[in-house]
Every structure is written in C-alpha cells, then in structure tokens.
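Following: one structure in structure tokens, then a few remarks.
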Amino acid sequence: MANIEQKNIRNFCIIAHVDHGKSTLADRIIEKTGLLTQREMQDQILDNMDIERERGITIKAQTVRTVYTAADGQEYIFNLIDTPGHVDFNYEVSRSLAACDGAVLVVDAAQGIEAQTLANVYMALDHDLDVFPVINKIDLPSADPERVAEEIEDVIGLEAHDAPRISAKTGLNVDAVLEAIVQKIPAPKGEKEAPLKALIFDSLYDPYKGVIIFCRIKEGRVEKGTSIRMMATGAEADVVEVGYFGAGQFIPCEELSAGTVGYITASIKNVKDTQVGDTVTDRMNPCDAPLPGYKKVTSMVYCGLYPADSAKYPDLRDALEKLQLNDASLFFEPETSLALGFGFRCGFLGLLHLEIIQERLEREYNLDLVTTAPGVIYHVFKKNGERIELTNPSNLPDPSEIDYMEEPIVSAEIMVTTEFVGAIMTLCQERRGVYLGMEYMEETRALLKYELPLNEIIYDFFDALKSRSRGYASFDYDLKGYQRSELVKLDILVNKEEVDALSFIVHAASAYERGRRMCEKLKEEIPRHLFEIPIQAAVGGKIIARETVKAMRKDVLAKCYGGDISRKRKLLEKQKEGKKRMRQIGNVEIPQKAFMSVLKLDDE
Amino acid sequence: MDHKKSLELYIHIPFCAQKCLYCDFLSFEAEKRLQVEYMDQLRSEILSSGPWYEDCRVETIFIGGGTPSLLEPEQITLLMQAVKKSFSVAEGAEITIEANPGTRLSKKLPVYLAAGINRLSLGLQSANNEELKRLGRIHTFEDFLKGFQSARMAGFTNINVDLMSAIPGQSLESWKNTLKKVIMLKPEHISAYSLILEEGTAFGRHYLENGQGNGQAAAQGADPGQGDGAGLDPLSQWPDLLGEEEERQMYYLTRSLLEEAGYHSYEISNYARSGFTCRHNIGYWTGKEYLGIGLGASSYVNGRRFCNESDLDQYQKLDFSLDGLEQLHGEIHVQSRKEQMEEFMFLGLRMTEGISAAAFTREFGVHVDSIYGDVLRKLTEEGLLVRNGRYIALTQWGIDVSNYVLSEFLLETGSED
C-alpha cells in the first residue's frame, strides 16, 4: 500500500440525523469496497460496543480505511470516519469533522431534514468541509425523494437534484455514492516534509499497547521511533507503532504522512494525556503552532453514583477507573452521602453519556447502582466575593452567604411538524424557555429556537418532547453560557430527616411544583413502616409540600396448620426479601429505586 | 413411662360436595365410586406406613379435608380400624373429624363416636345465610344448628366451630351477630380467621385480578363485569372487600367477645374454653412431628418435611405393597438447624403464651438471645414483642403486623453458627 499519492486519498465522514441510516451506509461502503466479504460482515460493523448496537447509536468515533477502485481505473484510499451521533458528543463530532476533507450528508427520503441534520451540516461547513447530499431509504413506501431534494436545496442550499437516491439497507445505488466520494470530496493537502502536525480525534486504551491515538496527519510524517509531544497536555512519548484502520483491527504500517488518517501507539498509559482535539508534533522538530479548535472537554451533567451494596465501593472505583481509561470525558471523584454512604460524584457530557456509563457499569461490571438526581454546574457567588462551581447540591453554602447564583443556558433548536408547535412551545415555557424565533422549513415543518436552562432539559426533556409531538420533534442544543437566576435548593425530609441524596437545585418558581411531585412520588415508593412517615419538601427550612406514608398495613389473620408451614415460610421470605434493597435513613428504610424514580417526574 | 416418641396423624379426605369460592385446599367433587376407591387406597397407605413408626405413639389424629363427613360413615369406621391396627394410638388421644353441616350429620355422628372419634370440628363460617351463599357454602345456619344439636345429642363433648370474618360485604354488626349466636351454643373451641384471597380460587380470580390487595384493599370497588365468575352470581353483585381497618375491628371484636364469654385466645385465630385447646394444632406451632396420610398431605417427621403425591390418578396407581411409599413422598426436605430455629420462632410466636426461652435452649443447646438477641431487642423496643419471665410473646400490635415481626426471625445463611 506504499506510495499512495495524496490525490488518491479521500478522508470523509457521514453525517445524518439519528436513524437516517448513517451506520448502514457506512457498512455498505465498507462492503462495496471489498475490504470484507458479505459473509464476514456483521450488521453495522462500525458500532463496536454492545450498547451502541442495542441503541442503534454511535458513541465513540470509529474509523476504517478501505480501498476503492473507481470508474477511472485508479485505486483510492477511503478513510471513513464515523462520528458520534448525539448532541452529548458534539465536541467529539467537531474534532472528527476536523479530521475530514468532506462529508456525505445522509437524509431520510421520508422524514427529510431534521434538527440534527442542520446542526451537523452547519458544523461541517464551519470546518470547511465539502458536503454532498445522499437521499436514503428510497425503498420506503413513504419515501418522497423529490420533495426531500427540494427541501435540501431550499433549506440548506446544497445542490441536490443529482444527489444519489439510494437504499443503504438494500444496497441500491450505493455505487453512485462511492463515485461521488471520489468526484466531490477533495483530496487532502499538506506538506509531507513539514514538521509533524497531527490532529487527535479519538483515542482508545488497549491493555497491551497502551493508548492508541486516532489522528489525522495534517503536515509532516510520523513513524516508529519518532519522539512525539502532545502540544496541549505536554505529554511526550516515543512512537512504538503506527498504522491504519482495518475493519475492527489495527494494521501496522511503516509511516503515516500528511493527508492520511491512522493511529499511533507510544506506550502511553492514560487517555487523559491524549485529549481529543490536541495536536501531536515531533518533539525534535516541532511545528510552529497547534491546530485550532482544541478545548478541554468539560462535564455538563453531574450526579452521584453509589453502589447499592456498600461493600462494592472498591469495585465501583475500579470499574470507573477502567472506563475512564477509554473515556477522557468521564469525570469522577469520591463523595460521601449520609443517606447513601460512600460513592462518587461523576461528571458527564450529557444525560445520554450518563446513561451509557451507568449501563456499562451495571452490565459489564455487574454493579448495582443508586443514582442521584443529575444536576449541572452552578456558579455560586458569595457575599465575600468567593465564587464556587457547584456540582453537588449538598455543598451549597448557607443562603445567607450567597450573593447570587448563575446557571448554564443552552440555545436549542427544535424541529417539529407545525401541528405540534403549540404543544412544544408550552413545554418550553414550562421549562423556563425564552423564545428566540421560529422558521418555517416548508409548509408543514418549523424550526423553533429557544434559550433553555440546561438544568431543565437534562433529564426528562427529551422524553417529554417526544411524547408531546408523538415522536416527531427533534432536538439539538449548544451550551451558550451562564446566566444569573433565582435558584434555590429543594430539600426532602423523610420522617423529619433531610435526605441529602434527594436534594437538588431548582428555579425558585418551580420549587413548589417540583417539591409537591417529589413528595407524591416518594409516597408511592416508600413502603409502610410501623409508624406514619411524613415526607416533606423544604426550601431554606420552610416546608412547601407534604405527604404521609401511612403506618404499616395490618396483616390478614391467616390460619397456619401443617400444610401451610412451607407456604408461610415462603411468604415471610418474600416479606424479608423486599427489605434487602433498602437504604436506612434514620429509622426509615427507603428503597433504592426511590432515589431514581424521582428523576422521572414528568410521567403524564 | 414408655419411651415412645409422640406423633400426630393428619388424614386427608379430598372430596367435597361443592368447592367453596375462597377455598384453595386440595379438594374437589368426585363420584361415589372414586371416593370408595380412594378410601381403599388410603387404608393401604395407613397399613403400610404404620410399621415405619413402631417407635411412635400417636397422640392426636385429625381427619380433615375437603369434607370427611361427605363419605358414608362406615368409611370412617374402616379408616379408624386401619389406623388402630397399624399405629400405636395412645389412650386418650385427641381424635378430630371435620364435618360440614350440609352433609346430613345426624346419622353419621354416632358412628364417628363409636369409631373412637372424640372431637368434632364443624365448618360454619357465618351465621348469616346471605354470607354463606356468597362464600359458596352448601349449608345454611339452620343446617348448622341441627348438626350441632345432633352432635351434642350423640355425645360429642368437644366441638369446634370454624368461623370466617371479613367476608366481602360483611358488616361489623353481622360479624358480631355470628359470634353471639355461636357463643350461645357454647362450643368448646372456636377458630376464627379472616378471609384470605388465594390465587387460583374464584375469589382470588375476581378480587386479586381486579387489582384489590390480599383481603386488605380499601373498598374502592372491583371493576364489575370483568373477570371470571365461574358461573355463579353475576360478578357485578359481588360486594367489595373490606378495608384494612374494618377487618381489624372485626378481629378486636372477636377477641373481646370471646374472652368475655370465657374463651381463652391461645393462638392468633384460635379460642378455647379451659381444657379444650386443640392439641393437634398446637403440635404444628410447637414443632411436634406429624405424619400426613392421603392425597397431598404434608409431613414433618424425623426432621424431614415432605408432601404426598397430589394428583389423584397418580396416587391411586401407587402400589403400597411395593415401592408405593417411596413414590408417595416426592422431594424430601431435610430441615437445617437454621430452619428449625426459624420455625420454632415464627410458629411458636403464633401462640398467645409465646415461646419459652428455656424450651429454645433445650431444643437447640444455645440461648435464644445468642441467636436472636438483636432482633428481640429491636422488636421489643418497637412494641411488637413482650418478654415476661421466660416467655417471649407478640403484643396486640405485634399480632397486627405479624408478617413483619415473624419475617424478622428468618436468619441469613450461616448466621446460626
């Protein structure tokens, strides 16, 4: 494979709204370019993790290199960089895009343009990528490729009348996409003899090789023995191996040079040293300036993770450490809760990221977890001039010490069919949204623009959006900044004792409603005890809502003779079993699921 | 003094004239011929079992069902002959037969007495004929009165009456009326328990599947017209279950009325005049060994629990001259020491006097506090248990929430050592 000229390389990605067929098209491209036979293909090769397969989404960027013999008789190297498909991973997406020269935009022939379609196209254009559209799923009965082509031209302004009409599922017309990649995506540029300048767009921890850096070589070259330096983190190492990406495997090669996409290993032990977006250069012959666009990934959403069985605390720590090896955006630090014991305060890119980590901990590491309500980072300005970044509501200073607080705000774009505009506007109002404007995409669809506080959308907003639009709304957001806000800490008292793990920060105007719903929900979840249990919601010591769990139900006076003894035993065992997954708070036992159920208050 | 171990016998007669709507015992309607064949087979089981218990003396016998009084009375004579032939039955053993007032008892009762039966247990449940009908009982209160008088006339001096409270639609007043009518007759013993909804019964199907709790749901109304009425009253006419509090009021009333009338409440749902507690049942709660004979009967013998074949066809096919007994007893569960301790507690605490710490020590060679100290302390502090002298007993409140209290005596694996 040596001496492939730059002009025969195509570095590209596929962008699409979720479910529009990105991964399927990637599979077909890999299949058609003959790297694998059809028999070897598992569906959706690029999605490696079980969870990705199950949820049908891509979490980590995946990359594959294939060889395509084009109609002009020449061989082309395709580096296909599959980008994560969720708003939580926007930064990773942007870095993956920066590694490409062009993008294939997949649009569903029935659904047309969705919020993420737009967001992704704009992001690709921001990175100076050449974008060409492909209209997918033309085999669907409801497909209307002509309408969608018009929509693409009208809304995005991309030429679409000659866009390939394909079915990635059946393979129909995928050849046209391959040719278009050769024709429409530019070959990479970059001086092979210049000092090394490579963009890290992902990394992976391998127990044998250490960190595997996924990078795009912008300038210069790298080979075994090159002494490299990460310009932002300052980490240095000697290259052990370079190579490119087969399907699901790493194939070593002699060198990577300007214009190529590949991997580097250098016995690096920690993915934190190889932050996505950082620039790799040659320590001996450094480039003058790093590539633009690097930023340290910061967690947007925080929550407490506790082992259900407190004896499993060390196991949880080990599991988090292992996950972090592969996921530089996962943050955790130990914390203690009176209610839940020892655990960790963890930071995530978003709620999906949180759910994925939680699921992986439970599934891959067999841990039973209790999760506290997710929250965001608040800025607390104290009267003494001190400023605190608050991630755990329990650490909120006494209200008398607080001057004011700020909360993160996002700008959100919601695409919805016009009949649901009213319902979605109501939802956004309920969530303290500030209306920015609305654009009609076409007669039946509108793009609503809102500013929303992040803490109003981090848990059940997406579900509410889907249910109020019968599944038709799509949603995308960007962190905009911080804004001063009337925030209070809502405390929950069970039998007069504050349960720290149930406290959260909420806007003063929603406190009463939230408190009331929390109490109602907890009343359902906490089993009856020997005594009556008041459940109260309080703000600053003032009770704003109350419910009561009645005292224990009296048992039926059953007989118990010879044949009943085994049954009686089973009944008692069941009764006792129910108590195992409980947390003792004062003299009240709270089931673990109560801590989670309060996250879903918007059940309608 | 002989050195024979004491043993209780339970003999199961699985036939009844009509299944009651709440009943989940192993019982069914069957034609006469089948009943006779069953009794033949039952005698074979008795005759082949006896030799295994040569070292035992039978102290109590309980012939239960189903409805033993449904059979021709001669069957009971033959049955008792077989028992006496095969087992060593103690002089003065308590021998009880269950009888349904709707099975023409007057001719049968003298035969029972002649066969050596000395205790009669009459299933009344309610003195209100509407309620009896609602339960699917085949008799009226008047039938019961007739049966009770016949029993006295025949010479039964130890009679139990079974009663049931919390029947759907029952009022406190109606329950009081039932109790008063029965007290008037001065039976020696009264069993009074609440309706329990069991899965697989007509009541269970109706009330449980309509979302009401186990006999406890607040009277919020089952959805009429849904569920499976088994061809009885239209379901829309089935009244709601009683609420938790009403049910409890009935229990308190039972206790106070019966105690007032001279009945000692010696177990959660059993009451007796002095000297007439049921020895057979006390045996269950105090860990005595018992042998169950007949279809589906349970046994606890030599520290082992097992249950007889419960399929009638299979049972009838057993050949007791060969390996019938082996086939009869399915899986045999050897009680661990842990299970024995647990049962000592959760069965013994059903008794009003409670459990004796000395008896625990005698039985297990360790003091009850070394096993259950923490639990006993906690439950006593919570006001659920009371310790007076060497006895530990449930308080009234402890009885109210007995499942919670008793479940606390289940031990974690390994914790008894």
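The values are calculated or read from the model by the stated rules, or taken from the named source; none is laboratory data. Nothing here was measured: the structure is a model prediction, and the numbers come from that model. Heads up, the Cβs are rebuilt from the backbone with ideal geometry, glycines too, and the neighbour counts pull from every protein chain shown.
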Residues being touching a residue at least 60 places away in the same chain (Cβ under 8 Å) and either among the aliphatic types (A, V, I, L, M) or within 11 Å of chain A (Cβ to nearest Cβ) (or both) - total across region B:235-245: 2
Which residues, counting only those in region A:183-200, are surrounded by 15 or more Cβ atoms within 10 Å (Cβ to Cβ), more than 30 Å from the chain's Cα centre (by Cα) and either within 20 Å of A:Lys22 (Cβ to Cβ) or free of Cβ contacts under 8 Å to residues at least 24 places away in the same chain (or both)? A:Lys184
In region A:464-490, the residues that are small (Gly, Ala, Ser) and out of contact with any helix residue (DSSP H, G or I) (no Cβ under 8 Å at 6 or more places or on another chain): A:Ser467, A:Gly471, A:Gly481, A:Ser485
Select from region A:489-523 the residues that are surrounded by 22 or more Cβ atoms within 10 Å (Cβ to Cβ), over 26 Å from the mean Cα position of the chain (by Cα) and among the hydrophobic types (A, V, I, L, M, F, W, C) and list them in ascending order. A:Leu490, A:Ile492, A:Val494, A:Val499, A:Ala511, A:Met518, A:Cys519, A:Leu522
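Condition check ((1) of a type in the set (Phe, Trp, Tyr); (2) crowded, with 23+ Cβ neighbours inside 10 Å; (3) free of Cβ contacts under 8 Å to residues at least 40 places away in the same chain) across all residues:
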residue: A:Leu105; (1), (2), (3): no, yes, no
residue: A:Gln111; (1), (2), (3): no, no, no
residue: A:Glu114; (1), (2), (3): no, yes, no
residue: A:His127; (1), (2), (3): no, no, yes
residue: A:Ser142; (1), (2), (3): no, no, yes
residue: A:Glu150; (1), (2), (3): no, no, yes
residue: A:Lys169; (1), (2), (3): no, no, no
Say whether the condition of being more than 12 Å from chain A (Cβ to nearest Cβ) and assigned to a helix (DSSP H, G or I) is met by at least one residue in region B:380-397. yes
Which one is nearest to B:Trp285 (Cα to Cα) among residues in region B:323-377 that are touching a helix residue (DSSP H, G or I) at 6+ places or on another chain (Cβ under 9 Å), among the acidic types (Asp, Glu) and more than 13 Å from every other protein chain (Cβ to nearest Cβ)? B:Glu363
Please name all residue pairs, on different chains or six or more residues apart, with Cβ atoms under 7 Å, provided the first residue is in region A:566-591 and is assigned to a helix (DSSP H, G or I) and the second residue is of a type in the set (Gly, Ala, Ser). A:Leu572/B:Ser407; A:Gln575/B:Ser407; A:Lys576/B:Ser407
Tell me which of these B:Cys307 doesn't satisfy, since it passes every other one: (1) within 12 Å of chain A (Cβ to nearest Cβ); (2) on the phi > 0 side of the Ramachandran plot. (2)
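Quick grid of which residues meet (1) without any contact (Cβ under 8 Å) to a residue 60 or more places away in the chain; (2) within 27 Å of B:Tyr251 (Cβ to Cβ):
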position	(1), (2)
B:Ser310	no, no
B:Phe320	no, no
B:His333	yes, no
B:Asp369	yes, no
B:Thr380	yes, yes
B:Leu384	yes, yes
B:Thr395	yes, yes
B:Ile399	no, yes
Residue set A:Ala311, A:Ala328; condition of a type in the set (Gly, Ala, Ser), in contact with a helix residue (DSSP H, G or I) (Cβ under 9 Å, 6 or more places away or on another chain) and more than 15 Å from A:Phe595 (Cβ to Cβ); output residue A:Ala328
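Determine whether region B:269-282 contains at least one residue that is in a strand (DSSP E or B) and either more than 11 Å from chain A (Cβ to nearest Cβ) or over 26 Å from B:Val182 (Cα atoms) (or both). So that I can check it myself, show each step before the final result.
Just the residues of region B:269-282 that are in a strand (DSSP E or B), to begin with: B:270-272.
Now restrict to residues that are either more than 11 Å from chain A (Cβ to nearest Cβ) or over 26 Å from B:Val182 (Cα atoms) (or both): B:271-272.
Yes, region B:269-282 has at least one match.
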Single unsatisfied condition, A:Val370 versus (1) surrounded by fewer than 19 Cβ atoms within 10 Å (Cβ to Cβ); (2) in contact (Cβ under 8 Å) with a residue 60 or more places away in the chain; (3) assigned to a strand (DSSP E or B): (1)
Pick from B:His280, B:His329: which is of a type outside the set (A, V, I, L, M, F, W, C) and not assigned by TED's automatic domain parsing to the domain that holds B:Leu163? B:His329
